[in-house]
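Here is the structure we will look at.
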Amino acid sequence: MHQESYALSETPASPSSTRIKLARSTQTRVRCGGTAGTTIAARLSEDPSKTVFLVEAGNDDRTNPDVFDVYKYSAAFGTSLDWAWSTDLDRTMHGGRTLGGSSSINGAHWTRAMKAQYDAFSQLLGEEDSDMNWNFDSLFSYMKKAETFTPPDQDQRTKGANYNPDFHGFSGPVHAAYPRGMYGGPQQPAFANAVQNVTGIALCQDLNGGDANCVSFTPHTINPSDNDTRSSSATAYLSPVEDERTNWITLVNHQVTGVLFAGSAPSVRATGVEFKKSDNTGESFNASARQEVIVSAGAIGTPQLLQVSGIGDPAVLESLGINLKVNLSTVGRNLQEQAMNNLGHSARPSFSPDGIGPANCIAFPSLKELFSENGGSNGSVTADDIADYIMAMYPSWAESQAVNGLNSEALTTIFGIQVGLIVNDDAPVMELFFDTGFPDDIGIDMWHLLPFSRGNVTISDSSVFTKPEVNVNWFSVDFDLAVQIAGARLSRRVLNNTAFDTISSGETIPGTGTVPEDGHGGSDDSWQAWIQDVFSAVSHPIGTAAMMRRELGGVVDGKLRVYDTANLRVADASVLPIHLSAHLQSTIYGVAEKAADIIKSGI
Ligand SMILES: Cc1cc2nc3c(=O)[nH]c(=O)nc-3n(C[C@H](O)[C@H](O)[C@H](O)COP(=O)(O)OP(=O)(O)OC[C@H]3O[C@@H](n4cnc5c(N)ncnc54)[C@H](O)[C@@H]3O)c2cc1C
């Protein structure tokens, strides 16, 4: 939650230490302390005449090994560090509930999507936003602004690490580097070779420059000067300046319970926020805003906060007794999330991983490579068949998903752009993430990247302390499942490729008992049954306050301003309108850096 030119109200009393600091200030800003929120706070507090007030629901856990030690990935899951939202089909979606948000508990992988995917953001905006430059060139410069990249040394290069200096920043707050414990065993090069053998996909030097359609070694957000510990938005943007920047105040363990408004649509004015201790005890505090309020509570938290504050679907809000401030039925809709499955092989006794990781070799096949004859095809369909199929079917998918968008016309336009990216721009539809030690000695974690299934985040209570309902509508478009099936089959073929002959002693997960070999890598039916039984959430939700034209179901415009409001912005993963062929954090840092400049420019 960010609030510009902000001052705490006196009713009731604020926590004393916070009140004392704020009393000295006349120009204060407030936000949620996640990936985007902390980034924006840091940039805005560069101006000493402004005071920033950072409100974070979670704790400051920078010294907790479950946070700073990237080798303990997943230790945070299910603990107080994790929102752990329940979703449909009983899958849990994770999200960081701690200073730094999800950047404090994520897998630390550092990748970017295709140039055309970022350029498509502009196609979804109106003429009036054409000069906002929501495109690759602009976002790439902001992603690089966020980054300090440490080039791989000779030892890491021998193990496969590589880079292109034009694709990285070298003076930003977030550290990206290859790990000192990088695997030197034969398994990661074998994966890169097997993927090339099976799909014809190219090995690229560095996928961070706008072309991710390749197999590549990728860096992590770790700090080589600090023992390869996690570089989160909290350690990157807050830690270096917190002792000297007296105009930046951090309040943890407090939850924003609502945005306060005056006036009526189309010029509703955010006048402040209300917040309370995160355990929902004690008094509520009000804070008033003289200029604007910015919400950065993530793709689940942001639509929840907007809805409890009176911005959303009138049918939902009025049934809960919430006073409607802005009729924006798509708040919480357009939810896009990916599903993951994990294939495993046991290794031969002679295999040594030679290192501790983290794993860092990833393949991003396009539709053509995924459905290639020896890749993920079932032997009866070609990639051209699939391309014809999606071009013919997407209007009917828009029809079936309309309830989770604005309407079928809007989704037809959005899906048309998504189809174009897949068919014409080779936007990767699948990620194959090679893993050492998971789910067996070696394995592939694989997920479809560009779902057409749309879901929603909908409140069932007027209190922010009741978690919202999160409905992903997993695989409600058959193409999403077809991609996942092809990805599983491709993963089987990759792990069975001769490149692994000296490493693997055979598939254990799912195993041919569960998905029998049928001469074509396993039947669609048996893969489908396994996938639907065991898939998990990737925890990459986006789209729930999408930056699009209002007639497409947008919640914010190209200035990140919520429609029908004069001074309320959103900046986090919820504004991404369509999914990307990438892990998300680099993009979110880019969005946040750009948001800070938009706010500073006063437009
Ligand atoms: C388990 C996991 C693994 C991931 N792995 C990777 C990876 O390896 N590489 C990669 O690039 N990306 C990864 N991601 C994705 C990436 O980390 C996220 O997409 C990104 O960090 C989201 O940033 P955000 O600012 O939108 O939200 P967040 O960083 O989640 O920030 C939202 C913040 O708002 C706070 N908040 C919410 N509601 C309130 C409220 N009412 N009041 C006050 N505070 C509130 C939250 O506690 C949180 O701190 C992963 C994500 C997860 C969850």
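The values are calculated or read from the model by the stated rules, or taken from the named source; none is laboratory data. What you see is a predicted model, and the numbers here were worked out from it, not measured in a lab. Counting neighbours? That spans all protein chains shown, and the Cβs are built from the backbone with ideal geometry, glycine included. Please note that ligands, DNA and RNA were not included when accessible areas were found on the heavy atoms of the full protein model with its side chains. Shrake-Rupley method; radii C 1.70, N 1.55, O 1.52, S 1.80 Å.
Per-structure values
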{"read-out": "Size descriptor, Kirkwood hydrodynamic radius, that averages inverse alpha-carbon separations across segment 390-444, Å", "value": "13.2 Å"}
{"read-out": "Sequence-separation-based contact order of segment 259-367, relative, with Cα cut under 8 Å and 6+ spacing, percent", "value": "17 percent"}
{"read-out": "Nonlocal amide H pairs with Gly357, under 5 Å, H built at 1.01 Å", "value": "Met182, Tyr183"}
{"read-out": "Spatially proximal lysines relative to Lys368 (Cα-Cα < 23 Å; intrachain offsets below 8 disregarded)", "value": "Lys115"}
{"read-out": "Carbon and sulfur %, accessible surface of segment 53-145 computed with the full protein complex present, 1.4 Å", "value": "48 percent"}
{"read-out": "Reachable aspartates and glutamates from Lys600, criterion Cα separation under 13 angstrom, eight or more residues apart if same chain", "value": "Glu4, Glu46, Asp47, Glu292"}
{"read-out": "The chain - share of DSSP beta bridges that are antiparallel (%, nearest 5)", "value": "70 percent"}
{"read-out": "Accessible surface, per residue, of segment 239-333 when the full set of protein chains is kept, probe 1.4 Å, Å²", "value": "38 Å²"}
{"read-out": "Å² of accessible area per residue within segment 349-393, as computed with a 1.4 Å probe and no ligands counted", "value": "45 Å²"}
{"read-out": "Cα centroid separation - segment 162-199 against segment 43-111, whole Å", "value": "25 Å"}
{"read-out": "Nearby lysines by direct alpha-carbon distance to Lys467 (threshold 25 angstrom, same-chain neighbours under 8 apart not counted)", "value": "Lys276, Lys277, Lys325"}
{"read-out": "Accessible area per residue in Å² at 1.4 Å probe, computed on segment 459-603", "value": "29 Å²"}
{"read-out": "Rounded to the nearest 10 Å², the accessible area of Arg269 at probe 1.4 Å", "value": "100 Å²"}
{"read-out": "Inter-centroid distance (Cα atoms) of segment 394-413 relative to segment 529-597, Å", "value": "18 Å"}
{"read-out": "At 0.890 mPa s and 25 °C, Stokes D of segment 264-364 from Kirkwood alpha-carbon radius, µm² per second", "value": "134 µm²/s"}
{"read-out": "The chain: Cα Rg divided by the 2.2 N^0.38 Å rule of thumb", "value": "0.93"}
{"read-out": "Computed [θ] at 222 nm, helices only, for the chain once each DSSP H run of length n ≥ 4 contributes -39500 (n - 2.57)", "value": "-8000 deg cm²/dmol"}
{"read-out": "The chain - percent relative contact order, Cα under 8 Å, separation 6 or more", "value": "21 percent"}
{"read-out": "Nearest-0.05 FRET efficiency for Asp131 and Glu399, computed from C-beta distance (R0 45 Å)", "value": "0.85"}
{"read-out": "FRET efficiency estimate (nearest 0.05) - Cβ-Cβ, Ser171 to Ser49, R0 30 angstrom", "value": "0.75"}
{"read-out": "Net charge of Cβ neighbours under 14 Å - reference Gly543; Lys, Arg +1; Asp, Glu -1", "value": "0"}
{"read-out": "Segment 168-262 - Debye-derived log10 I(q)/I(0), Cα point model, q = 0.20, 0.22, 0.24 Å⁻¹", "value": "-1.07, -1.18, -1.26"}
{"read-out": "Gain in span if fully extended, Ile356 to Val241, counting 0.36 nm per residue against the direct Cα distance", "value": "38.2 nm"}
{"read-out": "Descending semi-axes in whole angstrom, ellipsoid equivalent of segment 115-187, from the Cα gyration tensor", "value": "34, 14, 8"}
{"read-out": "Charge dipole (debye, nearest 20) of segment 517-573; +1 at Cβ of Lys and Arg, -1 at Cβ of Asp and Glu", "value": "780 debye"}
{"read-out": "Note, ³J(HN,Hα) from phi for segment 172-177, Karplus 6.51, -1.76, 1.60, rounded to Hz, x at Gly and Pro", "value": "x, x, 8, 8, 10, 6"}
{"read-out": "Extension gain from Arg348 to Asp525, taking 0.36 nm per residue of separation minus the Cα-Cα distance", "value": "60.7 nm"}
